[in-house]
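Here's the structure we're looking at; comments come further down.
Read-outs: derived from the displayed coordinates by stated rules, not from any lab. Please read all numbers here as calculations on a predicted model, not as lab measurements. Every residue, glycine among them, receives a Cβ derived from its backbone with ideal geometry; neighbour counts consider all protein chains shown.
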Amino acid sequence: MPSLSRKRRADVEESDISQDDEQEQNIGETAMNDMVKALVRLALAVEHQRRPLRRAEVGEKVLGTNGRQFKKVFTQAQHELRTIFGMELVELPSKDKITVAQKRAAQKEATKSVTSWILVSTLPSEYHDPAIIPTTDATYTAVYSTLVALISLNGAPLPEAKMERFLARLGMEDTTPTGDKPEKLLKRMEKDGYVFKLREPLGNGEEEITWVVGPRGKAEVGDAGVKGIVEAVYGNPDGEDGAMLAKRIDRSLGMVDKPAPVKKARQRRSTQHDDEDDD
C-alpha cells in the first residue's frame, strides 16, 4: 500500500502536468490568434496596394515555422474579414491563355494549388455607395471598370486598333480623366491586374497586339459588374426592353446556355402490334 507522502507527490505531479497542458493550449490559442490577426492585416495592406495576396508571402510574414496551420489560420481570418470588414478573400483567376506558348505552360501548371487571392466586398449592393471614396480613386475605378466591360463584351481578345478607337470615343485619345496619358493609364491597369496586353508573333517580323481582361478585372468587376455598367448606360430599362438588353449582354459575355440536344425516343413495337402486322 503506497504511503501518504507518495500519494501526495503523485497528486502534485498530475496537477503539474494538467497545468502544463493547459498552459500549452493557451499558448497555442494565443499564437493562433496572433497569426489570424497578422493575416487579416496583411490582406488589407496588400489590397490597399492593389496587389494579390500570395501563399508564399503568407508563409513568410504570417506562419513562419507553422506552415501546417495555414488552413486553420486562413479559415479564421476569413471569418474575421467577413464579420468585421464585410470583405473576403477569393481566389485570383488565372490569366487567359491565348497564345500557343501560354497554353502549353498552362498544361504543365494545371495541377498547382491556389497560390494567390484578392479581397472583395461581401456587402449587399445597396451598400456599394462610392460617396466616401476619394475622387481620384473613384475616377480610376470608373475608367478601369469601363475598359474591362468593353473588352469583356467584345467576346474575344480586343485588337489594339479597336482599343484605340474605344479610347477615342471615350475622349481619352490624348489624356484620360485620371490626368494620365492613355499609355500610362493602361500600364497602371496592367500592373494592377485589370487588363493585359498580349503580343503574338506572326512569323514575318510583325506581331499581333490584343487586350484581355486580367485576373483582378475578372474577380473585382466580373460579368455581374459588366452587366451593371451596361444597364446603367442604357438607363436600366424595364419590361421587354430590359429583357432584350439582358439577353444581348449575356450573348456578348458568352453566358447564353445552349439548349440540350433532344434525344429521339426509340419506338418499340409491342407484341400485339407485331401480331397484327403478321395477320
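Put in line by how crowded their Cβ is, counting other Cβ atoms within 10 Å and starting with the fewest, 87, 244, 32 read 244, 32, 87.
Each of 238, 34, 223 has some number of other Cβ atoms within 10 Å of its Cβ, and from fewest to most they run 238, 34, 223.
A protection proxy built from the mean count of other Cβ atoms within 10 Å ranks the segments 157-164, 45-52, most packed first, as 157-164, 45-52. Treating r as the C-beta distance of residue 56 and residue 250 and R0 as 30 Å, the FRET efficiency rounds to 0.20. Pairs of lysine in the range 129-256 with Cα under 23 Å and at least 8 positions apart or on different chains: total? Pairs that pass both the separation and distance tests number 18. Remark: spin-label model distance residue 80-residue 37 equals 0.7 nm, labels positioned 7 Å along the Cα→Cβ axis. Remark: the Cα gyration tensor places the range 129-256 in the oblate category, a/c being 1.5 or greater and a/b not exceeding b/c. From most to least packed by mean Cβ count within 10 Å, the peptides 176-182, 78-84 give 176-182, 78-84.
Each of 220, 208, 240 has some number of other Cβ atoms within 10 Å of its Cβ, and from fewest to most they run 240, 208, 220.
Residue separation of residue 168 and residue 191 scaled by 0.36 nm, minus their Cα-Cα distance, works out to 6.0 nm of gained length. When you count the other C-beta atoms within 10 angstrom of each residue and take the mean per peptide, 116-123, 192-199 line up highest first as 192-199, 116-123.
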